[in-house]
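Heads up, the thing below is written out as structure tokens.
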Amino acid sequence: MSTPQDEKREKIKVRWWHIVLIAFFVCAFLGLAYWQWTRFQSGSGDFQNLGYALQWPLFAAFVIYAYRMSIKYENERIEAESEAAESGEEDFQYQAEKPDKKVTKISEDFLPERPQMDVAEFNERNAPRRRKAANRGPDAAADNMKENNDSADKQ
């Protein structure tokens, strides 16, 4: 019977089906980018189509980046577990290295000052400018139109 120390895991290698799967997604995303580009160039195209045409290639690049990073992180984990098994640790749990960054604080002069006001001043600044038509009665819409016409005639 083999022990955990005898079973040394090998690093994850790039397989042919990994390449095929990545190529499928990259081709699909680039095809969608081309489709959005042709939609943008058509008579009914707009800038939303242009945005998508520029966005899909970024998604394709992200697929490649995500694959490469996942392989890298998995291989780091396998290396750490193998080293722990060689040293005789049984209950080893891999934890990624954390950067040695300290928590920084934003300086007080960078942010704008918050206005300090009491309730009365707040209500004065945010007082409603006009009443809604529903609050003035059934003929409010007609009165409102009449007021607008009168003010337009004065100008």
Checklist outcome for this item: Exactly one of 92, 122 is surrounded by 10 or more Cβ atoms within 10 Å (Cβ to Cβ) and at pLDDT 85 or above, and that one is 122
Checklist entry - In the range 11-20, is there at least one residue being surrounded by 11 or more Cβ atoms within 10 Å (Cβ to Cβ) and in a helix (DSSP H, G or I)? => result yes
Checklist outcome for this item: Among 68, 39, 77, the single one that is out of contact with any Phe, Trp or Tyr (no Cβ under 7 Å at 6 or more places or on another chain) and closer than 30 Å to residue 9 by Cβ is 68
Item to check | Candidates 44, 70, 82 - the one that is outside any helix (DSSP H, G or I), among the hydroxyl-bearing types (Ser, Thr, Tyr) and on the phi < 0 side of the Ramachandran plot | outcome: 44
Checklist entry - Scanning for something surrounded by 14 or more Cβ atoms within 10 Å (Cβ to Cβ), of a type in the set (Ser, Thr, Tyr) and more than 30 Å from residue 76 (Cβ to Cβ), does the range 26-37 turn up at least one residue? => result no
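Specify which of the listed residues (41, 48, 55) is modelled with pLDDT of 95 or more and of a type in the set (S, T, N, Q).
Values: 41 fails: modelled with pLDDT of 95 or more; 48 fails: modelled with pLDDT of 95 or more.
Among 41, 48, 55, only 55 is modelled with pLDDT of 95 or more and of a type in the set (S, T, N, Q).
Say we look at the range 93-128 and pick out the residues that are part of a helix (DSSP H, G or I) and among the aliphatic types (A, V, I, L, M); which of these is farthest from residue 72 (Cα to Cα)?
Step one: list which residues in the range 93-128 are part of a helix (DSSP H, G or I), which gives 119-125.
Right, trim to among the aliphatic types (A, V, I, L, M) and you get 119-120.
Working: 119: 57, 120: 60 Å.
Ranking the candidates gives 120 first.
The values are calculated or read from the model by the stated rules, or taken from the named source; none is laboratory data. Only a predicted model underlies this, so the values are computations on that prediction, with no experimental measurement involved. Cβ atoms come from the backbone with ideal geometry, glycine included; neighbour counts cover every protein chain shown.
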